[in-house]
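The values are calculated or read from the model by the stated rules, or taken from the named source; none is laboratory data. Model, not experiment: these values are computed from the prediction. Quick reminder, even Gly has a Cβ in these numbers, built from the backbone with ideal geometry, and neighbours come from all protein chains shown. Protein only, heavy atoms only, side chains kept; ligands, DNA and RNA dropped before computing areas. Shrake-Rupley method; radii C 1.70, N 1.55, O 1.52, S 1.80 Å.
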Amino acid sequence: MNFDLNNYNIFIAGGLGEIGSYLAKEFISLNAKVVILYSSNKYFERLNKNQSRQDLKIIKTNYSDCEKLSQDIIDNSIKNKTNCLVSTVGSGKMNGDYPFSKEEVLRIWEINYFYNRNLATAVSEIISKDDNFNPEGKSSHVFTSSIASKKNVNAPFEYCASKAALETFIKNLSNHISPLQRINTISPGHIFTDGGTWGQKKKNYPFEFKKVVNEIPLKRIGYCKDISFMYLFLLSNYSSYLTGSNIIIDGGISANQ
């Protein structure tokens with residue numbers, strides 16, 4: 001497939017994280033304009049990198065403040081280009097042990113469901129109201145769920161439930177914004193990043209890491225490159241007849257019942 005994103009302006013929510021950063025580089029290499037949205041200072045050291053690039057903007061926003069979020073998207077959308085949004089926002093790291101406190105449950109739902117709900121609502125409404133942000137009717141948005149929404153992979157219960165809720169919301173929203181916008185979710189399996197869960201397990205618990213890898217039918221951990229092509233496919237016109245779907249990319253874990 002020949003991906004050319006020359007006429008695309010792509011927002012990446014969570015774009016300073018390892019998966020988001022990888023996607024940003026991929027999209028830019030294919031001639032897209034990219035706007036990274038972030039709200040946490042967790043990856044503050046990455047802010048100064050590539051700030052001078054004309055094809056990249058890095059904007060601090062607030063995923064829980066719908067008014068500010070919408071304004072930031074409006075201010076950084078480009079007329080007469082296909083404006084799209086990719087979200088890698090989410091976290092399965094919970095503090096404490098089950099049963100978790102009410103505050104911790106609300107925090108994990110805020111990150112995994114409500115932040116993404118606000119992003120999806122904001123971008124789809126903005127594009128619906130201004131055809132100049134979607135001149136060819138090809139805007140497509142991709143949100144990141146997890147195989148934990150359907151498969152028991154020993155993830156925290158609330159994380160699993162919040163990702164399942166996100167998939168249901170996106171599926172129903174897809175009908176509301178059709179036919180001029182599409183929206184889908186991706187459910188990755190175990191994806192290795194140096195600073196992520198699997199990077200830490202490989203470093204600190206190598207035996208446990210190898211055990212998990214051996215349970216994956218394809219006998220290897222996933223990497224950013226393994227899922228980046230699906231984001232590209234769903235953004236592009238190659239998937240023009242696909243909306244409201246959830247695509248599982250997990251090395252066969254979900255099929256191994």
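Looking for whichever is touching a strand residue (DSSP E or B) at 6+ places or on another chain (Cβ under 7 Å), in contact (Cβ under 8 Å) with a residue 24 or more places away in the chain and farther than 25 Å from GLY222 by Cα here; the options are TYR98, TYR8. Which one fits?
Details: TYR98 fails: touching a strand residue (DSSP E or B) at 6+ places or on another chain (Cβ under 7 Å).
Unique residue meeting the criteria: TYR8.
Would you be able to tell me the number of residues in segment 219-240 that are surrounded by fewer than 14 Cβ atoms within 10 Å (Cβ to Cβ) and of a type in the set (A, V, I, L, M, F, W, C)?
Total satisfying the criteria: 1.
When both residues are 6+ apart or on different chains and their Cβ atoms are under 8 Å apart, which pairs have a first residue that lies in segment 53-71 and is farther than 26 Å from ASN6 by Cβ and part of a helix (DSSP H, G or I), and a second that is open to solvent by 30 Å² or more (accessible area, probe 1.4 Å) and polar (S, T, N, Q)?
CYS66/THR121; LYS68/ASN62; LEU69/ASN62
Quickly run through segment 97-123 and pick out the residues that are of a type in the set (Phe, Trp, Tyr) and under 27 Å from ASN172 (Cβ atoms). Let's see the steps before the verdict.
Of segment 97-123, the ones of a type in the set (Phe, Trp, Tyr) are 98, 100, 109, 113-115.
Matches in segment 97-123: TRP109, TYR113, PHE114, TYR115.
Looking at (1) assigned to a helix (DSSP H, G or I); (2) free of Cβ contacts under 8 Å to residues at least 60 places away in the same chain; (3) open to solvent by 40 Å² or more (accessible area, probe 1.4 Å), which is the only condition PHE209 fails?
PHE209 satisfies all of (1) assigned to a helix (DSSP H, G or I); (2) free of Cβ contacts under 8 Å to residues at least 60 places away in the same chain; (3) open to solvent by 40 Å² or more (accessible area, probe 1.4 Å) except (3).
What number goes with the only condition from (1) under 28 Å from ASN134 (Cβ atoms); (2) in contact with a helix residue (DSSP H, G or I) (Cβ under 6 Å, 6 or more places away or on another chain); (3) assigned to a helix (DSSP H, G or I) that LEU232 does not pass?
(2)
Which one is modelled with the lowest pLDDT among residues in segment 241-257 that are of a type outside the set (A, V, I, L, M, F, W, C) and open to solvent by 40 Å² or more (accessible area, probe 1.4 Å)?
GLN257
Yes or no, residue by residue, for (1) assigned to a loop (DSSP other than H, G, I, E, B); (2) surrounded by 20 or more Cβ atoms within 10 Å (Cβ to Cβ); (3) in contact with a Leu (Cβ under 7 Å, 6 or more places away or on another chain):
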residue: LEU5; (1), (2), (3): yes, yes, yes
residue: LEU16; (1), (2), (3): yes, yes, no
residue: GLY20; (1), (2), (3): no, yes, no
residue: PHE27; (1), (2), (3): no, yes, yes
residue: ASN31; (1), (2), (3): yes, no, yes
residue: LEU37; (1), (2), (3): no, yes, no
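All but one of (1) in contact with a Pro (Cβ under 8 Å, 6 or more places away or on another chain); (2) small (Gly, Ala, Ser); (3) within 26 Å of LEU30 (Cα to Cα) hold for GLY252, so report the exception by its number.
(3)
What is the residue count in segment 96-137 for residues that are out of contact with any Lys or Arg (no Cβ under 8 Å at 6 or more places or on another chain) and farther than 21 Å from ASP72 by Cβ?
The number of residues fulfilling the criteria is 16.
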